[in-house]
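Readers should treat all values here as calculations from the given coordinates under stated rules, not as data from a laboratory. As the structure is a computational prediction, the values presented were derived from the model and not from experiment. Heads up, the Cβs are rebuilt from the backbone with ideal geometry, glycines too, and the neighbour counts pull from every protein chain shown.
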Amino acid sequence: MNSRLEVQRNILDFTLSSLLRRKAKNSILILVFTLVVFMLASIIFFTNAVKREAVAVLKNSPDMVVQRLSAGRHDLIPSEYIGTIKEMKGVVSVKGRHWGYYFEPAASANFTLVVPEDGGEDGKIVTGKGVSRTMRAGEGDILPLKSYKGEWVVLAIKGVLKSDSELVSSDLIEISEKDFRKLFGISQDSFTDIAVTVKNPKETLTIAKKIKESFPDTRPILRSEVLRTYDSLFNWRSGLLLLIAAGAVFAFIIFAFDRASGLSAEERREIGILKAIGWETSDVIAFKFWEGSVISLSSFMAGIILAYFHVFFAYAPLFEPVLKGWAVLYPEFRLVPFIDPFQIATLFFLTVLPYTAATIIPSWRSAVVDPDRIMRSQ
Amino acid sequence: MISVADVRKVFNAGKANEYIALDGIQLDIEKGRVTVIKGPSGSGKTTLLSVIGCMARPTSGRIRLSGVPVEGVPTDAGYVETTSLPERFLTQIRRKTFGFIFQQYNLVAGMTVLENVMLPAYPTGEPYSTVRGRAEDFLKMFGLHGRLEAKVEWLSGGESQRVSIARALINNPAAIIADEPTAHLDTKLSSEFMDMMGTLNREGRTIIIASHDPAVCESSVIHRVVEMRDGRVVR
Amino acid sequence: MILHPSIIALYLSSFISLALLLYSCSFAAVILRKWDIGSGSELQLSLERRTYLISVILSYLFFFQLLSLFLFIYTADNLHNLFSGAMCAAGTLNVNQYGYPVLVLKIVNFILAGTWLIINRIDIVAHDYPLIKKKYSLLLFITPFMAAETALQTSYFTGLNADVITSCCGSLFSSDATSITSEIASFPSLQAKTVFYISMVLTFGSGIFLYYKNRGGFLFSILSLLSFVISVSALISFISLYYYELPTHHCPFCILQSEYGYAGYYLYLTLLCGVVTGAGAGIAGSFSSIGSLAQRIPVIQKRLILVCLSSYGLFVLIVTLKMIFSDFILEGY
């Protein structure tokens, strides 16, 4: 057993020195391989991280949101709906919510205005980091917003939001209910939508049905539905990108296959010598196995590390426009670093597996040369 | 030590370019002697060496090797019949029994002298340090102790030849097989080479050399000359 | 049809594995008809070279199969959000009728590939390759299973449409519904524990007997296979409960998640390692009458028994320690 380990150690030793002897040739292969892994890893890390952000955001959202539709469009919902829903069995709480968008022509940016649950403090606002950045206004500064009538509503910033997930909070402005109504001219008896909390999550669907029956003009949206929609959207997006990237992977596989089968005369001679001086076919196969492993694992690691930096520290400049797909993009949008073993496993399957499969037959072919070939070819 | 009976080796059997390299060879090679196989090129010398040295399997016939126990191969009869063994076992026998010296040295360029000498021992699983010690001893014996870490492409012809002899000896084989070893050596180096073979023979090793070089065939070291022509033993 | 990176990866792995296996089969057929170890003909020499390729392919297959088994479970777990009612892998696998068969086939193929490698390992220590025909018949036998796995996996993934109401693991593995799995779950825990420990004691007994007396290889094989099945049932029936610390959660998949310290991985790995080597030990024994193997078989067999028993032993140890040191008290539920 120990001697078998020793054999593998010796062969690995030889493999490393052989790789170093052909630095130029191998570094091109490693470079290309790293690039392929980097690309796929960036896609997977990015989508997973964005998906997690979305899930993290939704975790705090209510079990169900009820919107009113008018002429097929989202409309303000009258406050009397709240009372009816509150009386339904299994409903814990019902709250009218205020939120909307504000276009700031100076910065040509859209802000999201939200009334916080405690109702907010009149004349004061809390802003997201993105808002402070674009408006160059921090705590203690004043932010004037133009109302629907064209009048200025002057608001004092009492704080800037600190949040793990900048994705959602970045463009946020928390405003008091009174200021919100003043800004957008919304009457006392209507809300943007209604948030419903349900006692037993299993009953959410039943309650949603009941609401729909009582108010046919409403649209109840379940949190799980939203989650699912995000999930499939991101799965679909990353899958699609991967399919596009598949072309690159395929090209790489052909490149690797070509490399593995088109050995240089020098390499052929070397394997011939090994066979002649007493290496067995399986020893040469082991040598080829180690060679492939060193190349693929080092490229794999390098690709993953690069992708990690690309996605989590450099804000994924290469993929942002395709994957994020938000209406407004924030230059300093930063994802919370997150990878799990299965993203790695998936990547391994997508890159190392096809590489290995493509090189099995060529390496075997090079390993089975006749031991006496170098004698005969003289 | 080696008994060859009715051995045939046919390449491209059944095709238009069929070529009979060995045609019914009968030969006994005695243990502890220096045997030279002589003959023009194309006479089948090299093929015979590779068949004897367990590098290739003959198409038909039998080769018996005595005194080489191999795991998994029965040796009750006092010999191993190598003819029907798969490559895996042939290689095991070959590693233990034969050391090879080739016409063109066949050293691996880019590696050091020491690494080249140790190369045949890598797949045996012997501890690295033991093998290294032995390799250094051999190289010292051949006057190469100053060049252990030199790359083999920097060596002269004579030095390369000595490195390849050290490599052939690294697994302590009972026999040395040399194929046209003096083809690229001048007269002085050729006779030096034959002297070394003589020394190895006196240590008890069987030596088999294929050559048509008079410097080899007429050397005082050799015990027997076997002449071949067209895949047959003539004398 | 869902376009998830892991699904693409699984497709890739099973199609590549199947392609390599089919390629090997074409040579297996020739080997079965034309193999003649005594011949030095060029055909024989080239067939002997092919055997190296096929063992390399099978070694990779074995490794990929193991990874794909876990990746498959992970993928199912990861997708559960897409199906209302599914709370973990158990629910996702139940979305259509192909989910569980794929999982079972993945395990079966892993065991088959492992067995092939063990037979191969035994075969190549003998100078006349005595098992070559058996080995390549087994290869031809494995291929349809691999093809079935690929086909079912394809059906499973193409049949996945987000938002199909499925039963989640809470109902699938809860004690109310009646199905095989739920019957396992509803089995009283004390009896389940008794069966589990008895099966392990029997396996150990027969293993030790085989180790010293060199008899009863077939029995040992059967017992180690049985222990594998019983241990997986035990995982569902009571072991998982100690990890989840919930009396009603009988899911065999959630235990693979990070919340439980990836405990499932070493539990399943010890079991998989045990079943492959256990089955292999029995199979190895059946070859001891072959002349060229007679001396080597006992050595190999002993090694396999040791690996099998230490894997199962480790499993029992982990599980028992968990049960002893857990605050959770199961009896009574």
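Taking the Cα centroid of the range A:102-168 and of the range A:263-320, what is the distance between the two, rounded to the nearest whole Å?
Cα centroid of the range A:102-168 versus Cα centroid of the range A:263-320: 53 Å apart.
So what's the back-of-envelope 222 nm ellipticity for chain A, counting only DSSP H runs of four-plus at -39500 (n - 2.57) apiece and dividing by all residues, rounded to 500?
My calculation for chain A gives -18500 deg cm²/dmol from helical runs alone.
Please report the net charge: other residues with Cβ closer than 11 Å to the Cβ of B:ASP28, K and R +1, D and E -1.
The answer is +3.
Once Rh for chain C is found with the Kirkwood sum over Cα pairs, what is the Stokes-Einstein diffusion coefficient at 4 °C and 1.567 mPa s, in µm²/s?
Estimated diffusion coefficient is 61 µm²/s.
Can you tell me the orientation of helix A:23-59 relative to chain A, as the angle in degrees between its alpha-carbon axis and the longest Cα principal axis, to the nearest 10?
Between helix and principal axis, roughly 20 degrees.
Which loop chymotrypsin sites (Phe, Trp or Tyr not before Pro) in the range A:75-164, with loop taken from DSSP, have no more than 11 other Cβ atoms within 10 angstrom of their Cβ?
Here the chymotrypsin sites (Phe, Trp or Tyr not before Pro) that fit, given the DSSP loop and packing criteria, are A:TYR148.
How compact and how long is chain A, expressed as Rg and Dmax of its alpha-carbon atoms in Å?
So, for chain A, Rg and Dmax equal 30.6, 99 Å respectively.
Could you tell me how many cubic angstrom of Cα convex hull volume the range A:1-130 has per residue?
332 Å³
Kirkwood Rh, the range C:1-100, all Cα pairs: how many Å?
Taking every pair of different Cα atoms in the range C:1-100, averaging 1/r and inverting gives 16.2 Å.
Restricting to Cα pairs below 8 Å that are 6+ residues apart, what does the relative contact order work out to for the range A:116-188? Please round to a whole percent.
Reported relative contact order: 44 percent.
Compute the distance from the alpha-carbon center of the range A:1-73 to that of the range B:176-235, in whole Å.
Here the two parts' Cα centres lie 60 Å apart.
Roughly what angle does helix A:223-261 make with the longest principal axis of chain A, taking Cα atoms, 0 to 90 degrees, to the nearest 10?
20 degrees
Using a Förster distance of 45 angstrom, determine the FRET efficiency expected from the C-beta separation of B:LYS151 and B:SER41, and round it to 0.05.
Here the calculated transfer efficiency is 0.90.
C:LYS134 to C:PHE63: FRET efficiency via 1/(1 + (r/R0)^6), r the Cβ-Cβ distance, R0 22 Å, to the nearest 0.05?
In this case the efficiency is close to 0.45.
For the range A:1-59, would you read off the P(r) tail past 12 Å as a percentage of all alpha carbon pairs?
Result: 77 percent of Cα pairs exceed 12 Å.
Nearest 500 deg cm²/dmol is fine: what mean residue ellipticity at 222 nm does chain C get from its DSSP H runs of n ≥ 4 alone, each adding -39,500 (n - 2.57), divided by its residue count?
Dividing the helical sum by the residues of chain C leaves -24000 deg cm²/dmol.
What does the charge count around B:HIS184 come to, taking other residues whose C-beta lies under 14 Å from its C-beta (Lys +1, Arg +1, Asp -1, Glu -1)?
-4
Which value in deg cm²/dmol, rounded to the nearest 500, describes the helix-derived mean residue ellipticity at 222 nm for chain B, given -39,500 (n - 2.57) per DSSP H run of n ≥ 4 and division by the residue count?
The helix contribution divided over chain B gives -9000 deg cm²/dmol.
Only bridges whose two residues both fall in chain B count here: according to DSSP, what percent of them are antiparallel, nearest 5?
55 percent
Mean shadow of the range C:1-169, computed from the convex hull of its alpha carbons, in nm²?
9.6 nm²
Would you be so kind as to identify which of A:GLY185, C:LEU309, B:PRO58 lies farthest towards the positive end of the dipole of the protein assembly as shown, taking Lys and Arg as +1 and Asp and Glu as -1 on Cβ and the Cα centre as origin?
The residue sitting farthest along the positive end of the dipole is B:PRO58.
No solvent, one uniform scatterer per C-alpha: report log10 I(q)/I(0) for chain B via the Debye equation at q = 0.11, 0.14, 0.15, 0.18 1/Å, two decimals.
Taken in order of the listed q values, log10 I(q)/I(0) reads -0.57, -0.92, -1.05, -1.41.
If you line up the Cα atoms of the range A:99-185 on their principal axes, what length do they span on each, largest first, in Å?
35, 30, 23
Rounded to the nearest 5, what % of the DSSP beta bridges within the range A:99-185 are antiparallel ones?
Antiparallel bridges: around 65 percent, rounded to the nearest 5.
Compute, for the protein assembly as shown, the length of the dipole vector about the Cα centre, with Cβ point charges of +1 (Lys, Arg) and -1 (Asp, Glu) only. Units Debye, rounded to 20.
1740 debye
Given a Förster distance of 25 Å, report the FRET efficiency between C:ASP327 and A:LEU58 from their Cβ-Cβ distance, rounded to the nearest 0.05.
So, using R0 = 25 Å, E works out to roughly 0.15.
Can you find, among C:LEU32, C:TYR52, C:LEU82, the residue farthest towards the positive end of the dipole of the range C:1-169? Put +1 on the C-beta of Lys and Arg, -1 on that of Asp and Glu.
Of the candidates, C:LEU32 comes out farthest on the positive side.
Obtain the radius of gyration and the Kirkwood radius of the range C:173-333 from its C-alpha atoms and give Rg over Rh.
Expressed as Rg/Rh, it is 1.05.
Could you tell me which residue out of C:THR143, C:LEU210, C:PHE72 lies farthest along the dipole of chain C toward its positive end? Charges go on the beta carbon: Lys and Arg +1, Asp and Glu -1, centred on the Cα centre.
In chain C, that residue is C:LEU210.
If you take every DSSP beta bridge fully contained in the protein assembly as shown, what fraction is antiparallel? Give it as a percent rounded to 5.
70 percent
Count the net charge of all other residues whose Cβ sits under 11 Å from the Cβ of A:ALA260, scoring Lys and Arg as +1 and Asp and Glu as -1.
So the environment of A:ALA260 carries a net charge of 0.
Between C:ASN214 and A:ASP258, what is the label-point separation in nm under the 7 Å Cα-to-beta-carbon projection?
If labels sit at A:ASP258 and C:ASN214, their model points lie 5.8 nm apart.
Hey, fewest Cβ within 10 Å first, where do C:LEU272, A:LEU5 land in order?
If I rank by nearby Cβ atoms, fewest first, I get A:LEU5, C:LEU272.
As a footprinting exposure proxy, order A:GLU80, C:GLU245 by other Cβ within 10 Å, with the fewest listed first.
The fewest-first ordering by Cβ neighbours comes to A:GLU80, C:GLU245.
Specify the angular offset, from 0 to 90 degrees and rounded to the nearest 10, of the alpha carbon long axis of helix B:157-169 from the longest principal axis of the alpha carbons in chain B.
With rounding to tens, the tilt is 70 degrees.
What is the mean projected area of the alpha carbon convex hull for the protein assembly as shown, to one decimal in square nanometres?
48.9 nm²
In debye, nearest 20, what is the charge dipole magnitude of the range B:111-235 about its Cα centre with +1 on Lys and Arg Cβ and -1 on Asp and Glu Cβ, if you could check?
Magnitude of the dipole: close to 280 debye.
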